[in-house]
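All remarks here apply to the structure that follows.
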Amino acid sequence: MNARIETRGVGRTLEEAAKPVALVRDVSFAAAPGEFVAILGPSGCGKSSLLYLLGLLDRPSAGEIWIDGQPTSRLSRKQQTAMRLKQIGFVFQFHFLLPEFSALENVALPMRRLGRLNGVAIEARAALLLASLGLGEHTTKRPDKLSGGERQRVAIARALANDPALLLCDEPTGNLDTANSEMVVAALKRLVREEGRTIICVTHDERVAAGADRRIRMRDARIIGDERNPGRMV
Amino acid sequence: MSGGVALLIRLGLAHLTARPRQTLIAVAGVAVGVGFFLAVSAMMMGSQNDLVRTLVDSAPHIVVRDEASGATAQPAERRFSGAAVEVRGVGARDEVRGLRDWSAMLADARALPGVTAAPALVGAVTARFAGRTEALALTGIDPRVEDRIVNHNEKLTGGVIADLEGAPDGIIVSVQVAERLGARLGDTLAISSSAGVAQRARILALVTNTNARAGAERAAYAHLRTTQMLFARPNIVNQLRVKLADPNAAPDVAAALETRWGYQWESWQERSRDLMASLAIHNIVTYAVTSALLLVASFGVYNLISTNVTEKRRDIAILRATGFSESDMAGMFLVEGVSLGVLGSLLGFALGYGLMQALAAAPVSIQGEDHRIPLDRVLLEYAIAGGASVLAATLAAYLPARRAARLDPVQILRGAS
């Protein structure tokens, strides 16, 4: 099996409440390298919860998740953290850029944490990533000097900093206007086509869904549909 | 973790510079704590050292007197130690007033390294001048050695101790006694002793008495031989006065000589035991007060970092998602605590130094005389103040830092979208 990410029977139940709440029930699917998967569904259906599980931010109550063939449920928190650093990138609806740091420094942070490159190489790569997202002239600006679309693209550059094979997005266009949404979708598509990354994108946005290879629909914490995008058949 | 610490320092400092006013207030709190800690402890230690120096310099380090240090044990008591022994009809033996074998003791004491010793004869005399009478506690000394045992000269006016040598009729009295007698430098007093001997003595010098002890102004000095004649006890000595190179060794040396020779060899520490005890309490109070200053400063640090953790929840969530660990989060906020402590200490050093300069320059008037506040400025105090405040700031940062480490990124992410 050469799936980039695979889940089998994954469930997540919140035990803290008086009555246990199932956030995710029995989710099984696999995504191949270079595949762009959109997860669609009404709000509260468990798509974000599923994404946190896939990104190892949360632990499933049942089932197993494999990332690049490695089972993850037995990993220690430290190992999961290391895996997030090297193999997984996140883009959220809110940009979550650190306000005190420039666009370039925000993108550089994950690389500095990983410590694989030296300072010069880190800044060069951060500049390159920003330029490839059309932000070449904004590298020294702080987030509060950038527009919403620019911020979100900086956030995408940051998610790509350590060259992760898996990119997880949670409503990446949720706060953006049409023009900016299209720019973000184009960027995501390019990442899949040209760089062979796997993208799993939780969204409401039909434009995002239209750009995906595959659409998984969820309702009431379950997957209720998994279809190839006819318009995007390769 | 290569370069990881540098990164955490960068993140932590960014939080501090993002809120300059609050940071400044927290730093100022630490600085004031450190500054006053330094000034107060320098003042406390200074006055204490001054007091101890006076104690050490103004009297011999060890004095042995001719009172025996206890009733002589009966042979029967020594034989049956621990048993109840009753011996009847014991008469107290008349000891000859004066130290027995004093010249052997003196030679023995002088043989010890760093020891200067001299004999003295102390007794009560009466001085008369122009019809007025004053009681004096006269100490007959060896003027050639006395200088090396007690530092009198800086308190003397009109002459020095060594002037007594070659002046068998010389006497040194205190300014107060001279005033009460109406006598001046060079006047001749009529001295008479309990032995019924009377002699005329000329005032060679006056002692400025700064000792607060009642009756201290009655101390007077004359040549040992003159005093022996006054008391009609030639070649008798009732005190040995010992000075050591190291005043702190006094109790040990005293104990050693006491076992060998009997008598009570009293060290300056023993003589001023009450004072030493009150100084110890004084020290505890000093450190309690100054530590409270540092404690209050650490509340400010806690408050700032705790607020920062709350304000930086989103940063924490994204950093954790990006692959920063829980301990990275704690480290980031501990860096803030350490930085506040270090920065506050450095400013506090400057403040403390300034306060000490001001205190040192300020004249204090005691009974019309200008004094300077004695200050004890040692680098060790800076090290203690700096170390304690960095430690306090780090501990104050620890609780919020631990909270930051335990924050669940998923809960923050859910709330933020």
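Figures for the structure shown
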item: Unit charges at the beta carbon, dipole of chain A: most positive-side option, A:7, A:143, A:72; result: A:72
item: Theoretical ellipticity at 222 nm over chain A - DSSP helices of four or more residues, -39500 (n - 2.57) apiece, nearest 500; result: -10500 deg cm²/dmol
item: All lysines inside 23 Å of residue B:155 as judged from Cα atoms, apart from same-chain residues fewer than 8 positions distant; result: B:243
item: Centre separation in Å (Cα based) which lies between region B:229-303 and region B:358-392; result: 22
item: C-alpha center-to-center spacing [region B:16-47, region A:71-126] in angstrom; result: 38
item: Sorted largest first, extent of region A:87-138 alpha carbons per principal axis (Å); result: 30, 25, 23
item: Longest DSSP-loop-exposure-free segment, trypsin sites (Lys or Arg not before Pro), chain A, at most 16 other Cβ within 10 Å; result: A:142-234
item: For the protein assembly as shown, Cys with no neighbouring Cys Cβ under 4.7 Å; result: A:45
item: Helical mean residue ellipticity (222 nm; -39500 (n - 2.57) per DSSP H run of 4+; nearest 500) of chain B; result: -18000 deg cm²/dmol
item: Percent of C-alpha pairs per 10 Å bin, chain B, short to long; result: 4, 16, 18, 15, 13, 11, 9, 7, 5, 2, 0
item: Per-residue mean of C-beta atoms belonging to partner chains within 10 Å, peptide B:324-331; result: 3
item: Area projected by the alpha carbon convex hull of region A:5-232, averaged over all directions, nm²; result: 12.7
item: Residue B:148-residue B:252 FRET efficiency (beta carbon distance; Förster radius 25 Å; 0.05 resolution); result: 0.75
item: Cβ-based charge dipole, region B:96-262, positive-most Cα from B:131, B:216, B:237; result: B:131
item: Net lengthening on full extension, residue B:264/residue B:299 (0.36 nm per residue, minus Cα-Cα); result: 7.2 nm
item: Backbone HN-Hα couplings from phi across region B:175-192 [Karplus 6.51/-1.76/1.60, Hz, Gly and Pro as x]; result: 4, 5, 5, 4, 4, 5, 7, x, 9, 10, 3, x, 6, 10, 9, 9, 10, 9
item: Calculated FRET efficiency for the pair residue B:358/residue B:200, C-beta based, R₀ 60 Å, to 0.05; result: 0.65
item: All Cα pairs of the protein assembly as shown, percent lying beyond 36 Å; result: 61
item: Values of log10 I(q)/I(0), in the order q = 0.14 Å⁻¹, for region A:55-121 under a Debye, Cα-only, solvent-free model; result: -0.56
item: Full-stretch length increase - residue B:411, residue B:369 - with 0.36 nm per residue and alpha-carbon distance subtracted; result: 8.0 nm
item: Sites residue B:54 and residue B:81 - FRET efficiency at Förster radius 35 Å, r taken between beta-carbons, to 0.05; result: 0.25
item: Three-way shape label, region B:95-175, alpha-carbon gyration tensor, a/c 1.5; result: oblate
item: Extension gain from residue A:141 to residue A:226, taking 0.36 nm per residue of separation minus the Cα-Cα distance; result: 26.5 nm
item: Shape category assigned to region B:277-412 from the gyration tensor of Cα positions, a/c cut at 1.5; result: prolate
item: Rounded to whole Å, sorted largest first: equivalent-ellipsoid semi-axes of region B:148-295, Cα gyration tensor; result: 36, 23, 13
item: Separation of alpha-carbon centers, region B:170-205 and region B:138-165, rounded to whole Å; result: 16
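Just so you know, all these numbers are worked out from the coordinates, no wet-lab data involved. Since the structure is predicted, the reported quantities are computational estimates derived from the model, not experimental observations. FYI the Cβ positions are ideal-geometry reconstructions off the backbone, even for glycines, and counts take in every protein chain you see.
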